[in-house]
Structure formats: C-alpha cells, structure tokens
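The block underneath contains the structure these notes are about, expressed in structure tokens.
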Amino acid sequence: METVFHTSGFSLSHTLNCGQCFRFREDAEGTFTGIVGDRKIVLRQDGDDVLVTTFSNDDPSWVGDYLGLGEDYGKINSLLSADGKLAEITAVCGDIRIMKQPFWETLESFIISQNNNIPRIQKIIDRFCALFGRDMGGYFAFPLPEDVAGLREEELAELHCGYRAPYLIDAARKVASGEIDGSVIREMPLDEARKVLMSIKGVGPKVADCTLLFGLHRLDAFPRDVWIKRAMAQLFPDGLPACASDYAGIAQQYIFHYARNEGMLEEK
C-alpha cells in the first residue's frame, strides 16, 4: 500500500542519516527501506511529497507521526532563530525532524551505540534481530523485551557487542518486568526521567538522553557526546541559547549536522 504525505521544509535523507535511527538502508536512487518494530516500510521523497509503501494492512498514517511530520517546525524554527548564530544554523539544517521511535527499540539501539560507529551499530542490530527477533518472511522484527530478558550473556556472544551484552539483558529485564516503563518516564521531569533510565546497567547520561529524545520525544533532552561537545565549544562556548531550552534536542541535531558539514568534527 502506498501513501503520500505532503510536507514542506523536510529532508528525508537528512532525517534518516543523522544518527537517530539504525534500521534504514538507502539505495542509489535515494529510496530508504527500513524496519520499525515488526513492520517493513519503504520511503522515498519527491519534492514536498514523501511516498510511503507499507507491507501490512494497518493504517499507514502512523508513518507520518513516526517521521515527526505532525510537529510544527515552522514555529519551532522561528523560536530557535531568536539567536543569531542559531538562526544561521537553522536556516541550513532546519529540514531535520526528530523521529518518534519505539521506546524499547531506541533504548537497546543506543546501548549498542556506545563507543561505536554507525556501520558497526547497524551490523550489531541486524544480528540482534536475526538471532532473537521474529522471522517476518524476508526480514526480522526487533526482539521484544521478553525475548531478551531470559538470555544469558554467552548467548549474545555472536553479536560481537562486547561489554554491552549485560547492559542489553539488564535493560530487557527491567522493561519486561515493568520496572522501566516508557509511558511513565515520558511524563517525568527531565532530570528524574534521566535518573530512572540510568538505573539500567551501563546506561549513562548520553544514552539516557538519546532514549528520551528519540524514543520518548522529549524535545528538551540534549544528548552530549564528544562530537557535540566539540561543536558546542566552537559554536556556543557559553552554552545553548535560552531560546532553545524547550527544544534543546532539535537544536542539538541542527548543531551537530551543521558542525559535521562545516568540517568542525574532523579528527585533529
């Protein structure tokens, strides 16, 4: 089934290639094929139209929400542009959207992402799904918390995820038991929500904030890794402008994308 979402000021490529999701692959024509949970989708952009092909009978409107197309980025970008430097960055990078990804999948993916590069993250996640996810006939669903909670560390050896194996299992057990509940965490004050996620073995501030931003749509979360710290030191040495406080996570993606394109993040 093909559905068309009409939008403006949006880049599918920038959104899917900015490091917030890991199960999409782009072909030479710019078409993206990906898996969200247990659903396969194909995405293609033609001007202001995003063409979506789904392979199940459910209402495809979820894809627009998943891509963040329902958010008023005109308003958000206008607020961010109250600061001169941020206005310059937003003019270049304001076509990125923060996606609304499944909480559990985002949590495990960013645990895997620790001290890793994107190609290796993708390979580990692919193996994770092939080994422990359901076979959907040609592709594999993302494993459920219950699929992982009962595993032993040695059963994850084939993932080649190293020290992250016990972290993946601990997260699965806490989510499967209800100790970690995304719907509850979403409503908490940011500092409290981060603290709860950091009760998972191996989850530090960066993974917690990535999970909050990309998996719970907490747009006030601002993940910090070595790259964004380097970009901030060059672009905003006095800290993020006050106009960005409610949308710090969106500003973070713009700043990172801008700094990467400007060659600010090259190894010294």
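Laboratory data are not the source of any read-out in this text; all were calculated from the coordinates shown. No experiment lies behind these values; they were computed from the predicted model shown. Heads up, the Cβs are rebuilt from the backbone with ideal geometry, glycines too, and the neighbour counts pull from every protein chain shown.
Dipole magnitude of the chain about its Cα centre, charges +1 at Lys/Arg Cβ and -1 at Asp/Glu Cβ only, in debye to the nearest 20? List each step's numbers first, then the result.
Values: 28 positive and 40 negative charges, 151 e Å.
Charge dipole of the chain: 720 debye, to the nearest 20.
Placing pseudo-labels 7 Å out from each Cα toward the beta carbon at Asn115 and Asn57 gives an inter-label distance of 4.9 nm.
Relative to the Cα centre, the charge distribution of segment 1-104, modelled as +1 at Lys and Arg Cβ and -1 at Asp and Glu Cβ, gives a dipole magnitude of about 340 debye. Once Cα Rg over 2.2 N^0.38 Å is calculated for the structure shown, the corresponding label among (i) 1.05; (ii) 0.94; (iii) 1.00 turns out to be (iii). From a point 7 Å beyond the Cα of Ser183 in the direction of its Cβ, which residues of segment 206-225 have a backbone N at a distance under 16 Å? Of the residues in segment 206-225, 216-217 have backbone N under 16 Å from the label point off Ser183. Comparing Ala171, Ala208, Ala149 in a Gaussian network model of the chain, where Cα atoms under 10 Å apart are tied by springs, the biggest mean-square fluctuation is seen for Ala149.
Of the beta bridges in the chain, as assigned by DSSP with both residues counted there, near 100 percent are antiparallel. Label-to-label distance, Glu153 versus Lys206, with points set 7 angstrom from Cα along the beta-carbon direction: 2.2 nm. Here the spin labels are modelled as points 7 Å beyond Cα on the Cα-Cβ line, and at Trp227 and Asp27 they lie 2.7 nm apart.
Report the gain in length on full extension from Glu192 to His160: 0.36 nm times residue separation, minus Cα-Cα distance, nm rounded to one decimal. Display every interim value, and only then the final one.
On the way: separation 32, 0.36 × 32 = 11.52 nm, distance 3.25 nm.
Contour length minus Cα-Cα distance gives 8.3 nm.
Put the Cα centre of segment 171-249 next to the Cα centre of segment 101-149 and the gap is 20 Å.
Label reach from Asp49 (point 7 Å along Cα→C-beta): in segment 1-17, amide nitrogens under 19 Å belong to 1-13. Restricting attention to the chain, the count of lysine pairs at 8 or more positions apart or across chains with alpha carbons under 27 Å apart stands at 27.
As a length-normalised measure over Cα pairs under 8 Å and 6 or more apart, the relative contact order of the chain settles at 18 percent. For segment 203-268, GluC sites (Glu not before Pro) are listed when DSSP marks them as loop and at most 10 other Cβ atoms sit within 10 Å of their Cβ; the list is Glu266, Glu267.
The HN-Hα couplings worked out from phi for segment 147-157 by the Karplus form 6.51 cos²θ - 1.76 cosθ + 1.60 (θ = phi - 60°) are 5, 9, 4, x, 7, 9, 3, 5, 6, 9, 4 Hz, whole numbers, x standing for Gly and Pro.
Note: relative contact order over segment 2-70, using C-alpha pairs below 8 Å and six or more positions apart, is 34 percent. Charged side chains reduced to their Cβ positions (Lys and Arg at +1, Asp and Glu at -1) give segment 103-215 a dipole of some 320 debye around its Cα centre.
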